[in-house]
Amino acid sequence: MRNFNLQRFARVLRLDFIEGRSQLLWLTFAGLMIYLFFFWFAYNIGMTSVTVDNLVFHVCEGVGMFGCITMFLFFLAVASSLFRKEQKKAKRTTYLTLPATNLEKFLSRWVYMLTLSVVGGFLTFFVADAIHMAWLWLTDKPVIAATTYFLKAFPQTSNSAPHETWLNVLFCYSVLVAAHAFFLLGGILFRKYQTVATALVGSMLFFVFAHFVTHDQPYMRGIPYAWYYSCLSVFMVALTCVFTVLAYRLFCRWQIATYHFVNLP
């Protein structure tokens, strides 16, 4: 059997979406309700402000930051629960015996995870913001948009030292991508409580890494700023590749019957 065949991959991908459509719909609806509630809550808290400018600032700042943090946590939770159903013997047996290669199964589930993250995260936030704006317009209240601040919440370049700003942006996103790949690995490694177990291990590694970054600044050792953060970004990208490859190799070595907390053969 060839390692990758587009037709087999399409069949496995179709199967993943058919079996996960209820999960996709439920998470999308739950995310929509959560965002709508937070929009309503933030707007009513902001109504205590004296001026409309303060109202816009408080609501947009709160909802925008809440959206960024929630989406990041949601992406990590989705990555760690990518193969949650296959932790049970019956589901695992069915999935591992599908007439497709491990690469096709792994890539199919990764595409499903990406779709779930985008639909359940980004699109849900924008749809909820549009519904909230429509409700404000229908009730003759000041219409505000959290989407604008949400987009501004991502790191932006500045007029002062733009090269340093872009290096910070590159470093931040490389850390986020590495964390996502780490949670993907944890979701395959741990057989139970994947999100919690991965979060605990990741928290310890994060504090060690944060201590190194914050207490070993480049100016303390005479290292050029650009070189320092460029190397850190490359290191994070390398970690992303390592975590992804390890996740795939571990998935290829899955056993049908596993009686340990971790899925090690």
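Nothing in this text is a laboratory measurement; each read-out follows from the coordinates by a stated rule. Not measured: the values here are computed from a predicted model.
Near residue 190, the amide H atoms lying under 5 Å from its own belong to 263; only residues 5 or more places off or on other chains count, and H is placed 1.01 Å from N. Residue by residue, region 69-86 carries 3J(HN,Hα) couplings of 5, 5, 5, 5, 5, 5, 4, 5, 5, 5, 5, 6, 9, 4, 10, 5, 5, 6 Hz when phi is fed to the Karplus relation 6.51 cos²θ - 1.76 cosθ + 1.60 (θ = phi - 60°); x denotes Gly or Pro. Using alpha carbons only, how many angstrom separate the centre of region 168-205 from the centre of region 69-140? Going from one Cα centre to the other spans 16 Å.
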